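One structure is given below, encoded as structure tokens.
Values quoted throughout were computed directly from the atomic coordinates according to the rules given, and no laboratory measurement underlies them. Nothing here was measured: the structure is a model prediction, and the numbers come from that model. We place every Cβ from the backbone using ideal geometry, glycine too, and count neighbours over all the protein chains shown.
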């Protein structure tokens, strides 16, 4: 496990004076780091351990500033593009995946690179290639369900030649997309989408294009599915649900949306505890807490610690399933 995940303060609350108001805190489980995020962080940490600092990382390794800052303190240098990486350096590609042009450019420049792409994202890449079939007689045009500009979408669409993939962002897009050959279609999805929203989009595509082919297995990853199920389990009883996660984290944003749709009176996204506006807790008696798949458990514990300074806490955890998925490091770092 990565060093970031391992640091977990005890979930205890020091005794508070009787005058403090009571607050029931309901923790959603699973929450926080998934196997792909943990692996990506370990790739950076192991590269630094083996080769020394600096190790360059193209884009945020995962969408969380606390993770990025922690790795920076260990010797990681984050860049936007490979032209910022000096010759003979070691570089890591983020968990979201990259277009094929990126490793090709790294090879051209003789950079030593490590691909931290989540294996479940890589699975989607292979599905896209399988459907496209390299331009052979069974070539299909690909409809990708996802959010424009998200690194995972950019990386997945970049696995195939330009024009081979059309992005579909919502049900309206699914109703209006006009592929050249409706009989030769396939769809893939971003791994961090809303399960319910994606099901509606897929249903629309299947209604309009009965011959469309889908993935052999669900593209939305197990961690996204489990975290959304956990939020659905706690939301109806919560006056407020706090989702620990960064604004640019797709899976965290989806958790906030799912919480509100599932019955929470209100749901907010909170990057870290010291950014909490205490006014949002006015009238709150039951508070739900979860964390996106790129948010370390330490941030949850920091929030609980701060809440304990203002409330007498009663903490419950609702675990909808157990996760035991672990991904190996890429071959050069094993």
Residue with peak Gaussian network fluctuation, the chain [Cα springs, cutoff 10 Å], from 72, 84, 152: 84
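Mean 1/r over all different Cα pairs, inverted: what Kirkwood radius does region 41-115 give, in Å?
Its Kirkwood hydrodynamic radius stands at 12.1 Å.
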Peptides 23-35, 47-59: what's the order by average Cβ count within 10 Å, highest mean first? 23-35, 47-59
If I build a Gaussian network model for the chain, linking alpha-carbon pairs within less than 10 angstrom, which residue out of 95, 233, 172 has the largest mean-square fluctuation? 172
Taking the radius of gyration and the Kirkwood hydrodynamic radius from Cα positions alone, what is the Rg/Rh ratio for region 138-219, to two decimal places? 0.92
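For residue 83 and residue 317 in one chain, what is 0.36 nm times their gap in residues minus the Cα-Cα distance, to one decimal in nm?
Working: separation 234, 0.36 × 234 = 84.24 nm, distance 4.64 nm.
Additional length available on full extension: 79.6 nm.
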Residue 334 to residue 112: extension gain in nm, 0.36 nm per residue of separation minus the Cα-Cα distance? 78.4 nm
In µm²/s, what is D for region 76-115 at 10 °C and 1.306 mPa s, where D = kT/(6 pi eta Rh) by Stokes-Einstein and Rh is the Kirkwood radius from Cα pairs? 154
Just to confirm the number: angle between the C-alpha axis of helix 195-208 and the first principal axis of the chain, 0 to 90 degrees, nearest 10? 30
To the nearest 10 degrees, how steep is helix 119-132 against the longest Cα principal axis of the chain, on a 0 to 90 scale? 30
If the chain between residue 19 and residue 260 were fully extended at 0.36 nm per residue, the gain over the current Cα-Cα distance would be 83.6 nm
Stokes-Einstein translational diffusion, region 288-334 - Kirkwood Rh over all Cα pairs, 1.002 mPa s, 20 °C, in µm²/s: 155
Comparing 150, 125, 217 in a Gaussian network model of the chain (Cα, 10 Å), the one with the largest mean-square fluctuation is 217
Treat the chain as a sphere of radius equal to its Kirkwood radius over Cα pairs and apply Stokes-Einstein at 37 °C in a medium of 0.692 mPa s; give the translational diffusion coefficient in µm²/s, rounded to a whole number. 155
Taking only Cα atoms, what is the 0 to 90° angle, nearest 10, from helix 35-51's long axis to the longest principal axis of the chain? 80
On the formula 1/(1 + (r/R0)^6), with r taken between the Cβ atoms of residue 306 and residue 218 and R0 of 41 Å, the FRET efficiency rounded to 0.05 is 0.65
